[in-house]
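Scroll down for the structure; my scribbles are underneath it.
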Amino acid sequence: MKALTTVLLLVVSNIFMTFAWYGHLKLQEMKISTNWPLYAVILFSWSIALAEYSFQVPANRIGFSGNGGPFSLMQLKVIQEVVTLVVFTLFTTIFFKGESLHWNHFAAFVCLVLAVYFVFCKG
């Protein structure tokens, strides 16, 4: 159950972080934040990032083997990176219609799946 909770918290966390990092670009494209000064964009992104940390920190606490969770630090990081790229890919293809997936993106995803496999191998 801790593994599932950790992954779900990481997914929610990464949704917030993706919006914090790239959502302002969509707002600019929609002419909502075109005239915002850079400091306002940064504050806007930080406010979203605060929500991201509210899910990321518990995910790491719950998932870390040192706290009774099922994952080592390396495993947590690799899981987080895969979740980040999946969330980012979905975000980009849904909200930025000019972006498209190509064969090399799928090859990279295969490499990430292999990274997850290898990080869980007993070494």
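Quick notes on this structure:
- Note that the chain shows a convex hull volume over its alpha carbon atoms of 116 Å³ per residue.
- Taking the chain as the region of interest, the number of lysine pairs whose Cα atoms are within less than 21 Å, with members eight or more places apart or on different chains, is 5.
- GNM top mover of THR93, THR84, THR18 - the chain, alpha-carbon springs below 10 Å: THR93
- Each principal axis of the range 53-113 carries a Cα extent, and these read 43, 26, 10 Å when sorted largest first.
- Shape summary of the range 22-88, radius of gyration then Dmax from alpha carbon positions: 16.1, 48 Å.
Each value in this text was obtained by applying a stated rule to the coordinates, not by laboratory testing. Quick caveat, the model's predicted, so the values are computed rather than measured.
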